[in-house]
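Right, one structure below, let's go through it.
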Amino acid sequence: MGSMERRSGSSAAFRPRHNQNRTVMLVAGGVCLLVGLMMVLLAGGDSNKPQSDTTVVVESAPEIDLVDVLVPVRPIEAGAEFMQDMFRVEQKPRVSLPSGTISRFEQVKGQFARDLIMTDRPMSDQLVMSVRPITAISKKIPEGFRAVTIPVDQTTGVEGWAKPGVKVDVAWTSNKSGESLVTTIVYNAEVLSAGGNAASNPNEPAGKVSTVTLLVSDSDAAKIHLAQTAGQLSLSLRGDSDSTGPRGPGGVLTLDDLLGRPANSVPAVRKRLGCVKVKRPEGGHDEMCLGDEGNLEPVE
């Protein structure tokens, strides 16, 4: 009996502590739930606030300046007179067009095609002539220029590479007072034809030709005509992208320049060992001097 009372008393002593722990846990759970609800409410309130005050400005694309352009509806042969049914008018961005672009048919009415004009190529004043071209060469000669022909061989014609479309310099070789002179009289002249042929294969030389026709200014044409009367002309081939004039001082090149002698120098006089006068049978005297090899030589 005594032991049973002790057990029951011990159990009763521990029961209040168990109930106290349960109460603490319930209170803690309620606090956590309350805190969670408050956090949800705060988060929901923040989401309604603007994220930043930055203003996004969207710029509109710049307007493209379109202009009327005259465009062929079919290929136009070189020398053909322009007719209205050959063209249509399109609008194209101004920035993509070259200078001199033609916008309406009235600007080319009664004029002629300088070269073959392909379909859909914007018309420009570079494609137009006021008179009908007569030959394949004459249509390529602009105002103030001339076509001149010079004789060439395999050497002076650069082995046939001086052919239509390439650029050359013209050198003149002459003789003055017994001295050979060379000077370049024309720079960057275009070859119009070689051997009478105005067309050529760019990958092959023009072959053996005896003449070349050049496009030069009217003043350069006069130089070439004059130079042909007193000397020989030869051509020097230029690079496709080289349009420069003379490099360096230019001018006349002489044998003194090649040999590095001072300008206007004369060959040294041969050494004379002794001179005598020899009477001529018909009268008078010749002056004879002993040369380097021991022979008597007349004094020049």
Taking amide H positions as placed 1.01 Å from N in the peptide plane, with prolines and chain starts having none, which residues 5 or more places from residue 103, or on another chain, fall under 5 Å of its amide H?
-> 70
What is the Cα coordinate range of the stretch 81-121 on the first, second and third principal axes, sorted by size from largest, in whole angstrom?
-> 29, 19, 17
The stretch 128-245: Rg/Rh from Cα coordinates, Kirkwood Rh?
-> 0.98
Using mean Cβ contacts within 10 Å as the protection proxy, how do 65-77, 150-162 order, highest first?
-> 150-162, 65-77
Give the relative contact order (percent, whole number) for the stretch 77-158; include only Cα pairs under 8 Å separated by 6+ residues.
-> 32 percent
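FYI, it's all coordinate maths here, none of it is from the lab. Just so you know, these numbers come straight off a predicted model, no measurement behind them. Every residue, glycine as well, gets a Cβ built from its backbone with ideal geometry; the counts of neighbours run over all protein chains shown.
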